[in-house]
Amino acid sequence: DLLINQSSPSFTADEEFDELCFEFGLELDEITSEKDIISKEKGEEKAKGASDVVLYKIDVPANRYDLLCLEGLVRGLQVFKERINVPRYEKIIPAEGEGQKLIITEQTVQIRPHAVAAVLRNITFTKERYESFIDLQEKLHQNICRKRALVAIGTHDLDTISGPFTFTAKPPSEIKFKPLNQSQEYTASQIMDLYRNDSHLRHYLPLIENKPRYPVIYDSNGVVLSMPPIINGDHTKISLNTRNVFIECTGTDITKAKIVLDIIVTMFSEYCEKPFTVEAAEVVYPNGKTHIYPELAYRKEKVKPEVINKKIGISETPSSLAKLLTRMCLKSHVIGNGNHLEVEIPPTRADIIHACDIIEDAAIAYGYNNIQMVIPKTYTIANQLPLNKLSELLRLDLAAAGFTEALTFALCSQEDIADKLGMDMSATNAVRIANPKTAEFQVARTTLLPGLLKTIAANRKMPLPLKLFEISDIVVKDPNTDVGARNYRHLCAIYYNKSPGFEIIHGLLDRIMQVLEVPPNEENGYTIKATEGSAFFPGRCAEVFAKGQSIGKLGVLHPDVITKFELTMPCSALEINIEPFV
């Protein structure tokens, strides 16, 4: 979400802006103010004295890092509205020996091996620009930097330090400096303790906390610029008077670090004396090799106009497609008799990886609402899955028989399906969860019975009798399937009263078979035969056979099972597999 200040709103302007955002592929989430936000979260008392300035809350797609700050968003919208041309970002390489150098030592290899750097020269900050600059870094930290695990950004006032800079790693006791906005010096270990309860910084401490060495960046006089990914030094703090900014990004992923650096410098080079120019810095690797950053790489892609038209479902001329793409900051022109478009991908658009991304941008610029709706070439008639249709029909008939439907969790504890039902865990053939969050959700259920018994236990205060049913899937291991497990659709019903009510459950089975049109005979119908089951009372359990196979059991539950589920009355139950009847 991007929050934008708006001094004096008007409804027509708001609606127009909402429309513009939608056309550009964004969503104006809400129009609010700091006061509104606080009063919603903490009540009106807390909101007293908060700002009334109108805020636009805009949803930006996670891959569009170039829209995460006001500068990038406004630039994108201006180009989209054809009010300005796509800016050309330029890297200025200083004369030999005059540029900034960042030297990486081999000590960093185990912790944060990569670093990139750049300089914004003669920049002019205002309060709004400065806030936007800090805000963009924070948004990038949360997004592409994965909470600073992949990349950490440091920005410094270049005039307070002198290069070359050294990126190294030292034992925490040997690092000592004054952290940002603090009044005294601390060692790295003390800094960790200092920020342990800080609501913002404590989340980043585990990234380096247990490492023998902490990463740190020094200038040529031994002044600490930062201890990434935790905190910058106070010495190099940027203020509104800062004219030259040194930007360093350290991390574990070099590709992401390059993208982050490119985004920051392209967004804020607008405020340099020479707009959209960035001074390059040299990074020296432990093996002696050097590299110039930022890369600010432009690249060209070729796309066929007919492919764009076909994929989107439109019929535009090549030149109008080139115009659409140029409006999306992808400068394009027609080449080779109009059978190709050459598209230039700017350094701000790291999200363009494939031709599909270019086609998507063409569709956004054309306007999704302007694409004609057509009947698909393939014509099919949708149908309900037969198993689901049968389940729905049975649910109606069970409800009509006076039973109430329950919906219980598909995961349960090991005790629920084994110990409590008098079975051994190995005999259940259950699918286990590798890293269960709670003891209640350790395995996928192999029977619906525990779920219904827990439901009754939670509703003991309700008037008797309690008659519940559930028709849902159970899961068992099956080495013959591609995923190693199989689902079966079970029907389970339960009767809980002062007397067991076996006849009621038996009657329900007869009613189910009646609506399924299965006659009570052995040849082509259903039968029940006495059997024993660990969850059932001896001599009070029967197995149900239908379609020549055993489909489940019914009977009176064993007193041990009833007490293990914290119940006090007799209970009878039926559980069958309904898949043979589809």
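What residue, of E138, E174, is surrounded by fewer than 20 Cβ atoms within 10 Å (Cβ to Cβ), of a type outside the set (K, R), under 26 Å from I208 (Cα atoms) and in contact with a Ser or Thr (Cβ under 9 Å, 6 or more places away or on another chain)?
Numbers: E138 fails: in contact with a Ser or Thr (Cβ under 9 Å, 6 or more places away or on another chain).
Step by step, each of E138, E174 is checked, and only E174 is surrounded by fewer than 20 Cβ atoms within 10 Å (Cβ to Cβ), of a type outside the set (K, R), under 26 Å from I208 (Cα atoms) and in contact with a Ser or Thr (Cβ under 9 Å, 6 or more places away or on another chain).
I need every pair where a residue in region 455-475 that is under 12 Å from C492 (Cβ atoms) and in the same structural domain as F403 (by the TED database) has its Cβ under 8 Å from the Cβ of a residue that is among the aromatic types (F, W, Y) and surrounded by fewer than 18 Cβ atoms within 10 Å (Cβ to Cβ), sequence separation at least 6 or different chains.
What qualifies is D473/Y488; I474/Y488.
So which residues in region 318-360 are of a type in the set (A, V, I, L, M), crowded, with 18+ Cβ neighbours inside 10 Å and in a helix (DSSP H, G or I), if there are any at all?
Once the filter is applied, which keeps residues that are of a type in the set (A, V, I, L, M), crowded, with 18+ Cβ neighbours inside 10 Å and in a helix (DSSP H, G or I), region 318-360 yields L321, A322, L324, L325, I358, I359.
Exactly one of these conditions fails for A546: (1) under 26 Å from G422 (Cβ atoms); (2) surrounded by fewer than 13 Cβ atoms within 10 Å (Cβ to Cβ). Give me its number.
Here A546 meets the rest and fails (2).
Exactly one condition in (1) in contact with a strand residue (DSSP E or B) (Cβ under 8 Å, 6 or more places away or on another chain); (2) over 20 Å from H490 (Cβ atoms); (3) not in a strand (DSSP E or B) is not met by E566; state its number.
(1)
Out of region 206-218, which residues are open to solvent by 10 Å² or more (accessible area, probe 1.4 Å) and within 22 Å of A118 (Cβ to Cβ)?
Y218
Would you mention how many residues in region 36-83 are open to solvent by less than 70 Å² (accessible area, probe 1.4 Å) and more than 27 Å from the chain's Cα centre (by Cα)?
Counting residues in region 36-83 that are open to solvent by less than 70 Å² (accessible area, probe 1.4 Å) and more than 27 Å from the chain's Cα centre (by Cα) gives 11.
Please determine, by comparing only the residues of region 172-203 that are part of a loop (DSSP other than H, G, I, E, B) and hydrophobic (A, V, I, L, M, F, W, C), which one is nearest to D234 (Cα to Cα).
Step by step, filter region 172-203, then rank; the result is L180.
Mind checking which residues of region 251-278 are in a strand (DSSP E or B) and crowded, with 24+ Cβ neighbours inside 10 Å?
G251, V278
Would a scan of region 85-96 turn up a residue that is under 22 Å from Y204 (Cβ atoms) and either buried (at least 19 other Cβ atoms within 10 Å of the Cβ) or aromatic (F, W, Y) (or both)?
No, that holds for no residue.
Looking at region 366-381, can you tell me whether even one residue there is open to solvent by less than 20 Å² (accessible area, probe 1.4 Å), aliphatic (A, V, I, L, M) and modelled with pLDDT under 95?
no
Can you find a residue in region 517-535 that is over 22 Å from D397 (Cα atoms), touching a strand residue (DSSP E or B) at 6+ places or on another chain (Cβ under 8 Å) and in contact (Cβ under 8 Å) with a residue 40 or more places away in the chain?
yes
Report the residue count in region 486-535 for those that are in a strand (DSSP E or B), under 46 Å from the mean Cα position of the chain (by Cα) and under 24 Å from V476 (Cβ atoms).
9
Residue check, K304 against (1) out of contact with any Leu (no Cβ under 8 Å at 6 or more places or on another chain); (2) open to solvent by 70 Å² or more (accessible area, probe 1.4 Å), all met but one. Which one?
Just one mismatch for K304, condition (1).
Does region 44-91 hold any residues that are of a type in the set (A, V, I, L, M) and under 16 Å from R349 (Cα atoms), and which are they? Steps first, answer last, please.
Narrowing region 44-91 to residues of a type in the set (A, V, I, L, M): 47, 50, 53-55, 58, 60, 62, 67-68, 70, 73-74, 77, 79, 84, 86.
Matches in region 44-91: V60, A62, L67, L68, L73, V74, L77, V79, V86.
Looking at F441, F469, which one is open to solvent by 30 Å² or more (accessible area, probe 1.4 Å) and either within 35 Å of the chain's Cα centre (by Cα) or closer than 29 Å to N497 by Cβ (or both)?
Only one candidate qualifies: F441.
The values are calculated or read from the model by the stated rules, or taken from the named source; none is laboratory data. Keep in mind the model is a prediction, meaning the values are calculated, not measured. Neighbour counts run over all protein chains shown; Cβ positions are idealised from the backbone, glycine included. Please note that ligands, DNA and RNA were not included when accessible areas were found on the heavy atoms of the full protein model with its side chains. Shrake-Rupley method; radii C 1.70, N 1.55, O 1.52, S 1.80 Å.
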